[in-house]
1. Residue farthest toward the positive end of the dipole of the protein assembly as shown, with Cβ of Lys/Arg at +1 and Asp/Glu at -1: which of B:Gly89, B:Val357, B:Gln169?
2. How many Cβ atoms of partner chains, on average, are near each residue of B:236-246 if near means within 10 Å of its Cβ?
3. Treating only the Cβ of Lys, Arg, Asp and Glu as charged (+1, +1, -1, -1), what charge dipole size does the protein assembly as shown show about its Cα centre? Round to the nearest 20 debye.
4. Let me confirm one metric for peptide A:215-224, namely the mean number of other chain beta-carbon atoms within 10 Å of its residues' beta-carbons.
5. So what is the 222 nm mean residue ellipticity for chain B from helices alone, if each DSSP H run of at least 4 adds -39500 (n - 2.57) and you divide by all residues, rounding to the nearest 500 deg cm²/dmol?
6. What whole number of Å gives the distance from the Cα centroid of the stretch A:183-215 to the Cα centroid of the stretch A:25-68?
7. If I take R0 = 56 Å and measure r between the Cβ atoms of B:Trp249 and A:Ala15 in this structure, what FRET efficiency does the formula 1/(1 + (r/R0)^6) give, to the nearest 0.05?
8. Check cross-link reach from B:Lys168 to the aspartates and glutamates: straight Cα distance under 19 Å, and skip same-chain residues fewer than eight apart.
Amino acid sequence: MNAAAETSARRGPGAWARLWGNRVTRLCIIAIGLYTLLALYGEGVYRYYKGSLWEGAPACLTWAPERVPPYNQVHMESRYLPPLSVSTWPAHTLADGTAVPETTHRYWLGSDNLGRDVLQRLIQGARIAFHVGIMTSLIAIPLGVLLGCLGGYFGGKIDSLVVWLCATVSAMPGLLFILAIALIAGKGLFGIYLGIGLTTWVSVCRNIRAEVIKHRDRAYVQAARVLGYSHGRILFRHILPNVMHIVLISFSIRFPASVATEVFISFLGIGVQGEPSWGIMINNARARLWQGIWWELTFVSLAIFLLVLIFNRLADDLRDVFDPALRNR
Amino acid sequence: MWRYVLRRLAEMVPTTFGVLLLSFVLFYVVGGSPAQSVLGQHATQEAIVNFNAENGYDLPLFFGNWCDMDAVQKAPDGGTRLACTLGPGDYELPGAAQATLRETATGREETRAVGADGALTVPEGWRAVSADGVTEVRRATRHFFDSQFVLYLNNLVHLNLGMSTETKQPVTEVLLQGLGPTLSLSVPILIFGSVIGVILGLLCAASQGGVLDRGILALSTALMSINYVVWILLGQFFLGFKWPLFPIWGYESAYYLVLPVFIGVISALGSDVRFYRAAILDEIYRPYVRTAVSKGLGRGRTLFVHVLRNSLIPIVTYVSLSIPYLFTGSLLLESFFGIPGLGSVSINAINSADMSVVRAVVIFGALIYQLVNLLTDIAYGWLDPRVRVAQ
């Protein structure tokens with residue numbers, strides 16, 4: 001029996017079809033798609049006002065940066081507007097001499113203490129949340145998978161080393177350790193990526209290692225050994241595809257957890273600087289909640305809640321379908 | 001039993017060493033010298049060199065014969081010279097032909113030729129004040145392992161964690177002061193959280209698949225999706241401000257702890273209930289449960305006496321995992337409710353980049369984690385003989 005056949009036999013036919021067949025799961029997947037679109041739109045807006053496709057892009061992908069991006073535009077005359085209100089910004093001249101005519105603007109989700117559009121900022125927050133969720137996973141998952149595979153497959157001294165690394169990192173006091181790394185790496189997104197990424201690979205590593213140990217002595221691995229395949233080929237071409245579902249499940253668990261941690265770090269002021277992250281928005285809005293300015297905090301909280309909820313729910317469903325034994329770990 | 005305890009102690013050594021190494025790498029190798037943040041942005045090069053020499057920040061990281069001192073400065077004439085005076089010790093000053101030494105007590109100055117390889121010895125009671133043309137300053141370490149790592153371990157053993165740059169107090173004192181308030185908040189959270197969580201988990205398991213089970217499960221998933229920050233803000237807003245039932249700032253009586261404990265419990269309840277439910281469900285289909293039911297035992301007795309006892313092992317493991325965090329406290333909860341525990345100490349230290357305090361809390365937390373793990377394992381070995389023989 002080849003690897004693929006054994007896998008599909010274990011998972012039962014049509015795991016994906018079963019996922020899609022569940023109405024709630026389908027709703028979650030669609031909602032994640034919508035969030036992704038929102039984040040991509042935010043990224044587009046951000047890049048457009050930044051003036052280039054990426055940092056140091058060639059000239060053909062660079063354009064003259066626009067003025068202040070809409071999510072950072074300050075309009076003191078339209079502060080604290082409740083959702084759905086329409087405001088008229090008077091005509092004015094910018095510092096560089098361009099005249100801006102009078103414009104009417106609808107604040108769908110209200111405005112904050114500087115007259116900035118909450119909806120626009122919320123979308124930028126989604127952009128940053130996706131950055132954090134994806135980047136931390138890109139650090140944590142490859143690290144965890146590599147170490148877990150090596151430890152589980154080779155055993156012996158290598159395994160002891162991997163187990164030692166896991167034990168050491170997991171002994172550090174979680175959030176404080178992340179904060180310390182972020183603080184030392186410097187304020188900003190990079191510090192957050194490193195802090196979360198370098199601390200959360202442990203659970204990925206443990207799960208992968210446990211699964212690889214189960215596969216190590218299976219018939220298909222022995223067959224591959226008899227055929228004289230190299231360790232690298234057996235490990236990464238034969239075993240790894242069979243434990244890939246753990247990667248998927250890990251991602252669906254890691255993503256919301258990273259987003260929640262980023263909110264926390266940015267809330268403390270160590271995270272993102274100068275861009276509207278959800279944590280910064282909450283910190284900004286909390287003082288004025290007491291004066292009845294409820295909308296900014298409410299909408300940001302809702303956005304975080306929904307994103308984390310749908311990912312948590314999806315993680316549950318993925319676990320049910322792919323690996324019931326892993327549930328609750 | 002004693003063999004088991006000894007084996008467990010021996011197993012603790014590499015992890016503890018790893019924890020110390022990891023925090024050293026983070027705070028000393030990557031973090032570097034705190035001279036800039038302690039002395040301020042406008043500190044002179046001389047002040048920084050002296051600070052580093054006094055606190056051992058110019059020593060080699062793990063081992064070595066020389067400390068590289070950043071003590072070379074551009075002279076007005078375009079050459080290079082010493083940025084500060086050098087205390088007693090063996091130096092290498094490549095590039096310099098001669099150096100001027102001054103006796104500290106009398107102020108008498110003397111010029112010494114620097115050896116071909118730049119070697120210069122400054123005797124006790126003297127300082128080197130100038131060495132023109134010097135390109136590099138290196139001081140000999142006292143021995144090969146006279147390094148930052150050894151100094152750091154030595155300081156830890158002597159509980160010398162440095163001074164807080166913010167409060168100008170010894171860090172050990174800061175930690176000890178924060179421990180009491182932290183425990184008074186975290187212990188009730190752990191107790192109430194576990195009890196309520198286990199009860200809800202039992203309710204779920206008893207009505208598995210039913211309306212109650214699905215309701216609690218959906219609620220748990222929703223609860224664990226609400227951000228911790230939002231929990232605190234909403235709790236303070238509704239229960240402290242809108243309906244002013246509880247004080248929201250201060251640490252004067254037990255009443256001040258009610259709201260933070262409530263928030264601490266409810267914010268963790270979601271994931272706890274899900275875990276407890278699964279742990280209990282693992283047991284509920286075992287043959288002994290069927291036996292108990294078929295011999296006519298009531299539902300309550302089966303659930304609370306037979307099932308609960310057996311599912312206690314994963315539950316206790318789960319709870320014991322959170323015990324180390326009792327000591328480091330809840331960062332936000334404490335700083336939002338004005339409870340002067342380790343959590344708010346850490347938050348303040350992070351906000352003011354007071355690295356010696358952050359470092360101390362991280363190391364303290366990691367060591368406590370080791371200790372609690374050890375005690376938990378010993379307790380297991382005592383309760384369950386199978387653990388003692390298992391590898």
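Rule-based calculations on the coordinates, nothing more; no lab input. A quick note: this is a predicted structure, and the numbers were derived from the prediction, not measured. Please note: Cβ atoms are built from the backbone with ideal geometry, for glycine as well, and neighbour counts cover all protein chains shown.
1. B:Val357
2. Going residue by residue through B:236-246 and averaging, the value is 1.
3. Magnitude of the dipole: close to 3500 debye.
4. 0
5. -18000 deg cm²/dmol
6. 26
7. Here the calculated transfer efficiency is 0.60.
8. Straight-distance partners of B:Lys168: B:Glu54, B:Asp354.
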